[in-house]
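Structure first, then comments.
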Amino acid sequence: MVILSFCSFLLMFIIIGVLSAFKHRSTNVDYLLAGHNVKPWLVALSAIATYNSGYMFVGQIGYTYLHGLSSIWLMFGWITGDFLTSFFVHKKLRTVSEKQHALTYVGALSQWYGQHFRVFQVLGGIITIIFLGAYAAAQLTAGSKALHVLFGWDYAVGAFLGSIIVLLYCFAGGIRASIWTDAAQSFVMIVAMGLLCVEAVHATGGLPVFLEKLQHISPHYLEWFPQNLDFGTPWGPILFVAGWFFAGIGVIGQPHVMVRFMAMDDPAHMTRTRVYYYLWYIAFFLLTIGVGFSARLLIPQIDHFDPELALPTLSLQLLPDIFVGLVLAGLFAATMSTADSQILSCSAALSRDIWPGKNIKYIYTKLATVFVTVTALAIALLSNENVFQLVLIAAGALACAFAPILTVLAFNKKPSEPLMIIMMLSGIAGMLAWRCWGFPETTYEIMPGILTGFLVFWIGQHVERPFGNASPKTDP
């Protein structure tokens, strides 16, 4: 019954994506931006699902399972940073992308004031492919874990199947297929995880017993901060929270997320989109933390259990077969539609940012999608990193590369092309250096990376100003 339910719901999600073909037009602007015609509620639900599905349903639940209440700071910091940047970035990006006829995220940055920073666009496209390709591979890995629990399949089988579904989504309707399936999965998963939390509390004997048992897991499980922080000074907790706050700011550096806002039907609808987005975001985050707590109580074998399998394993224990199939199909399809949006962004980077010439044929964009999908599959099969670590590294690098640049552009600053290139590369270098030096336990390396980008901009402005190079030339 579980397998039948899984296959039925997965087929339903695939059909929703394929139905987008009826609105699809064989043009690059439709394939990559849905013709700038996506409704606010679809933008909101899709942006949440595409950024958080594999990470939240697999990685965040696993993190809570291991570390307890301190995982709430990921929610607080991430949402706060994301919320603040939404007031001055998203609407401007949507306006600029249409005005400059930019079909890619990096393309919009490179043409922000009507100029064309070609070298920056090529380098930005390469960075997008490298790190967003790894990010997509993490989604294929996350989805394969659901199939491993259900069928006992090797992870490679799930990754291959996921790649096929990704190509089906992309070729059916491009980004519109991804957005439609994202929205359907958002509704399904929030209901399923809510039901899972209720059943878990009931299985432990009710809410008072549930809370009491959480207190007995370990002496530190319900403490507000992890034990590996330096509590000799106040900087340990502050840096820990600040790291996740900068992770929220770093959302504006994620091409596959921001392209959703570029596809919005009208920039004036940003306020409505913001309401849908953050209400749904908070609900998702709270439920993943609840599922993580539940899994730790009901699956206490911490030394012999992969915490990233908590959601499917708990579903098998607590839910009726039909809902188990629903949860697993939703998890698998959500990670696949996230992977397909990332692969589409990589395809756009390859065909629009890196490839020379402006009039790239539609078929070449689709061929780029095949190439990127095969590459992401290879990374998923060869990588030894878990989903949480892959996402943190890839998302962190993209955030450090692009978030400082987009921020200064949104504040009407006009960095030169060399300065934008140095900001992009130094942001990634700062993040990787922090990680290589072993400091991530103090704060998420995205913070020093983003701050490095801003520092380079500040220095660059002072260095360039005497030579008259602070602003790019713009078209009249």
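The values are calculated or read from the model by the stated rules, or taken from the named source; none is laboratory data. Since this is a predicted model, take the numbers as computed values, not measurements. Ideal geometry is used to build each Cβ from the backbone, glycine not excepted, and the neighbour counts take in all protein chains shown.
Some points to look at:
- Long-range neighbours under 9 Å by Cβ, at least six apart or interchain, first residue charged (D, E, K, R) within the stretch 126-142, second buried (at least 24 other Cβ atoms within 10 Å of the Cβ) and modelled with pLDDT under 80: none
- Here Phe131, Phe83, Phe87 are screened, and the one residue that is under 30 Å from Trp224 (Cα atoms) and outside any loop (DSSP other than H, G, I, E, B) is Phe83.
- Test: Ala333 is closer than 16 Å to Ala142 by Cα, in contact (Cβ under 8 Å) with a residue 24 or more places away in the chain and in contact with a helix residue (DSSP H, G or I) (Cβ under 9 Å, 6 or more places away or on another chain): yes
For every residue, the table says whether it meets (1) at pLDDT 90 or above; (2) not polar (S, T, N, Q).
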site	(1), (2)
Gly54	no, yes
Ile61	no, yes
His67	no, yes
Ser70	no, no
Trp73	no, yes
Thr80	yes, no
Leu84	yes, yes
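- If the condition is being more than 16 Å from Pro255 (Cβ to Cβ) and among the aliphatic types (A, V, I, L, M), then the stretch 89-119 contributes only Val119.
Listed here are the residues, each with its yes/no results for (1) over 21 Å from Ile165 (Cα atoms); (2) in contact (Cβ under 8 Å) with a residue 40 or more places away in the chain; (3) under 18 Å from the mean Cα position of the chain (by Cα); (4) crowded, with 18+ Cβ neighbours inside 10 Å.
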residue: Ala21; (1), (2), (3), (4): no, yes, no, no
residue: Arg25; (1), (2), (3), (4): no, no, no, no
residue: Tyr31; (1), (2), (3), (4): no, yes, no, yes
residue: Asn37; (1), (2), (3), (4): yes, yes, no, no
residue: Ser46; (1), (2), (3), (4): no, yes, yes, yes
residue: Thr50; (1), (2), (3), (4): no, yes, yes, yes
residue: Asp82; (1), (2), (3), (4): yes, yes, yes, yes
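- Residues being of a type in the set (Val, Ile, Thr) and more than 29 Å from Pro208 (Cβ to Cβ) - total across the stretch 263-300: 3
- One residue stands out in the stretch 314-341 among those that are more than 19 Å from Ser294 (Cα to Cα) and polar (S, T, N, Q): the one that is surrounded by the most Cβ atoms within 10 Å (Cβ to Cβ), namely Ser341.
- In the stretch 289-306, residue nearest to Ile217 (Cα to Cα) [restricted to those that are over 24 Å from the mean Cα position of the chain (by Cα) and surrounded by fewer than 16 Cβ atoms within 10 Å (Cβ to Cβ)]: Pro300
- Scope the stretch 2-42; condition on the phi > 0 side of the Ramachandran plot and in a loop (DSSP other than H, G, I, E, B); matching residues: none
- Failed criterion for Ile238 (all others in (1) surrounded by 15 or more Cβ atoms within 10 Å (Cβ to Cβ); (2) part of a helix (DSSP H, G or I) hold): (1)
- Any hit, the stretch 194-205, residues being part of a helix (DSSP H, G or I), of a type in the set (Ser, Thr, Tyr) and touching a residue at least 40 places away in the same chain (Cβ under 8 Å): no
- Scanning the stretch 347-368 for residues that are surrounded by fewer than 23 Cβ atoms within 10 Å (Cβ to Cβ) and at pLDDT below 85 gives Trp355, Pro356, Gly357, Lys358, Asn359, Ile360, Lys361, Tyr362, Ile363, Tyr364, Lys366, Leu367.
- Among the residues examined, Leu123 qualifies as surrounded by fewer than 24 Cβ atoms within 10 Å (Cβ to Cβ) and either touching a residue at least 60 places away in the same chain (Cβ under 8 Å) or in contact with a Leu (Cβ under 9 Å, 6 or more places away or on another chain) (or both).
- Any hit, the stretch 268-282, residues being at pLDDT 90 or above and not in a helix (DSSP H, G or I): no
- Out of Leu286, Leu344, Leu309, one residue alone is under 22 Å from the mean Cα position of the chain (by Cα), assigned to a helix (DSSP H, G or I) and surrounded by fewer than 19 Cβ atoms within 10 Å (Cβ to Cβ). It is Leu286.
- Residues in the stretch 159-191 that are within 23 Å of Pro312 (Cβ to Cβ) and touching a Gly at 6+ places or on another chain (Cβ under 6 Å): Gly162, Tyr169, Thr181, Gln185, Val188, Met189.
- Filter result for Val106 (more than 13 Å from the chain's Cα centre (by Cα), of a type in the set (A, V, I, L, M, F, W, C), under 24 Å from Thr369 (Cα atoms) and crowded, with 24+ Cβ neighbours inside 10 Å): yes
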